[in-house]
Amino acid sequence: MQAPFEAVADIDELSPGEMKKIHAGGRRLLLCNAEGDYYAVDEMCSHEDYSLYLGCIQGRKIKCSLHGSYFDLASGAPLVEPADEPIRTYPVKLSAGRVWVDPS
Ligand code: FES
(Lines give C-alpha, C1' and ligand atoms only; values in the text may rest on other atoms or scores of the structure.)
Protein backbone atom coordinates (compact mmCIF):
# COMPACT_ATOMS: atom_id res chain seq x y z
CA MET A 1 0.00 0.00 0.00
CA GLN A 2 1.29 3.45 -0.89
CA ALA A 3 2.16 5.86 1.90
CA PRO A 4 -0.44 8.58 2.38
CA PHE A 5 1.37 11.52 0.82
CA GLU A 6 -0.58 14.78 0.72
CA ALA A 7 0.05 17.65 -1.71
CA VAL A 8 0.92 20.72 0.36
CA ALA A 9 2.46 23.26 -2.06
CA ASP A 10 3.40 23.99 -5.63
CA ILE A 11 6.94 22.96 -6.42
CA ASP A 12 8.10 26.56 -7.01
CA GLU A 13 6.06 28.11 -4.21
CA LEU A 14 8.88 28.67 -1.73
CA SER A 15 12.29 30.16 -2.36
CA PRO A 16 15.37 28.98 -0.47
CA GLY A 17 15.14 30.18 3.12
CA GLU A 18 11.33 30.40 3.09
CA MET A 19 8.86 28.27 5.03
CA LYS A 20 5.13 27.77 5.12
CA LYS A 21 2.70 26.44 7.73
CA ILE A 22 0.86 23.38 6.49
CA HIS A 23 -1.75 21.02 7.88
CA ALA A 24 -1.36 17.38 6.93
CA GLY A 25 -2.72 14.26 8.58
CA GLY A 26 -4.21 16.40 11.33
CA ARG A 27 -0.76 17.73 12.26
CA ARG A 28 0.61 21.26 12.21
CA LEU A 29 3.82 21.12 10.23
CA LEU A 30 6.26 23.45 8.54
CA LEU A 31 7.33 23.02 4.96
CA CYS A 32 10.81 24.50 4.58
CA ASN A 33 12.91 25.25 1.53
CA ALA A 34 16.53 24.95 2.64
CA GLU A 35 19.13 25.55 -0.04
CA GLY A 36 16.65 24.43 -2.71
CA ASP A 37 15.50 21.22 -1.03
CA TYR A 38 12.19 20.78 0.74
CA TYR A 39 11.84 19.47 4.30
CA ALA A 40 8.77 18.93 6.47
CA VAL A 41 9.05 19.13 10.25
CA ASP A 42 6.84 19.65 13.28
CA GLU A 43 5.83 23.28 13.64
CA MET A 44 6.40 23.42 17.39
CA CYS A 45 9.78 23.50 19.08
CA SER A 46 10.63 20.49 21.26
CA HIS A 47 11.87 22.73 24.08
CA GLU A 48 8.69 24.63 24.81
CA ASP A 49 5.42 25.02 22.99
CA TYR A 50 6.62 27.72 20.62
CA SER A 51 6.21 27.94 16.86
CA LEU A 52 9.36 27.48 14.81
CA TYR A 53 7.59 29.50 12.13
CA LEU A 54 8.63 32.55 14.16
CA GLY A 55 12.26 31.54 13.73
CA CYS A 56 14.29 31.31 10.56
CA ILE A 57 16.05 28.91 8.25
CA GLN A 58 19.84 29.10 8.14
CA GLY A 59 21.47 26.73 5.70
CA ARG A 60 19.81 23.38 6.35
CA LYS A 61 18.90 24.24 9.93
CA ILE A 62 15.92 25.94 11.52
CA LYS A 63 16.36 28.29 14.46
CA CYS A 64 13.85 28.74 17.25
CA SER A 65 13.55 32.44 17.98
CA LEU A 66 12.49 32.01 21.62
CA HIS A 67 15.69 30.56 23.13
CA GLY A 68 17.91 30.13 20.09
CA SER A 69 18.03 26.37 19.60
CA TYR A 70 18.83 25.08 16.13
CA PHE A 71 17.49 21.86 14.60
CA ASP A 72 18.79 19.90 11.64
CA LEU A 73 15.98 19.95 9.06
CA ALA A 74 16.86 16.52 7.65
CA SER A 75 17.06 14.60 10.94
CA GLY A 76 15.25 16.89 13.38
CA ALA A 77 18.20 16.62 15.76
CA PRO A 78 18.79 19.52 18.15
CA LEU A 79 22.13 21.17 17.41
CA VAL A 80 22.21 23.96 20.00
CA GLU A 81 20.82 23.94 23.55
CA PRO A 82 18.54 24.49 25.40
CA ALA A 83 16.51 22.05 23.28
CA ASP A 84 17.72 18.48 23.81
CA GLU A 85 14.92 16.55 22.11
CA PRO A 86 14.55 16.26 18.33
CA ILE A 87 11.65 17.60 16.35
CA ARG A 88 9.89 15.08 14.13
CA THR A 89 10.60 15.06 10.41
CA TYR A 90 8.37 13.75 7.63
CA PRO A 91 9.07 12.28 4.19
CA VAL A 92 8.79 14.72 1.28
CA LYS A 93 8.60 14.00 -2.43
CA LEU A 94 8.21 16.13 -5.54
CA SER A 95 5.78 14.95 -8.20
CA ALA A 96 3.53 16.47 -10.87
CA GLY A 97 4.64 20.00 -10.03
CA ARG A 98 3.67 19.68 -6.38
CA VAL A 99 5.35 19.06 -3.05
CA TRP A 100 3.96 16.06 -1.18
CA VAL A 101 4.35 15.20 2.49
CA ASP A 102 3.69 11.92 4.29
CA PRO A 103 2.42 12.96 7.75
CA SER A 104 1.88 9.41 9.00
S1 FES B 1 11.13 27.23 22.86
FE2 FES B 1 12.48 26.76 21.21
S3 FES B 1 14.45 26.87 22.14
FE4 FES B 1 13.10 27.26 23.78
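The values are calculated or read from the model by the stated rules, or taken from the named source; none is laboratory data. These figures come from a predicted structure and were not determined experimentally. Neighbour counts run over all protein chains shown; Cβ positions are idealised from the backbone, glycine included.
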Can you tell me which residue within segment 52-62, out of those that are within 13 Å of CYS32 (Cβ to Cβ) and more than 9 Å from the ligand (Cβ to nearest atom), is surrounded by the most Cβ atoms within 10 Å (Cβ to Cβ)?
ILE62
Here is a list: ALA9, ALA24, ALA74, ALA34. Which entry is at pLDDT below 95 and either buried (at least 19 other Cβ atoms within 10 Å of the Cβ) or hydrophobic (A, V, I, L, M, F, W, C) (or both)?
ALA24
Would you be able to say whether some residue in segment 83-101 is within 9 Å of the ligand (Cβ to nearest atom), in contact with a Ser or Thr (Cβ under 8 Å, 6 or more places away or on another chain) and without any contact (Cβ under 8 Å) to a residue 60 or more places away in the chain?
yes
Name every residue in segment 38-51 that is surrounded by 15 or more Cβ atoms within 10 Å (Cβ to Cβ), of a type outside the set (Ser, Thr, Tyr) and within 12 Å of the ligand (Cβ to nearest atom), in order of residue number.
ASP42, GLU43, MET44, CYS45, HIS47
Taking first residues from segment 44-72 that are at positive phi and assigned to a loop (DSSP other than H, G, I, E, B) and second residues anywhere that are near the ligand (Cβ under 6 Å from one of its atoms) and modelled with pLDDT of 95 or more, the pairs with Cβ under 9 Å that are 6 or more apart or on different chains are GLY68/PRO82
Residue check: is ALA83 small (Gly, Ala, Ser) and under 22 Å from LEU14 (Cβ atoms)?
no
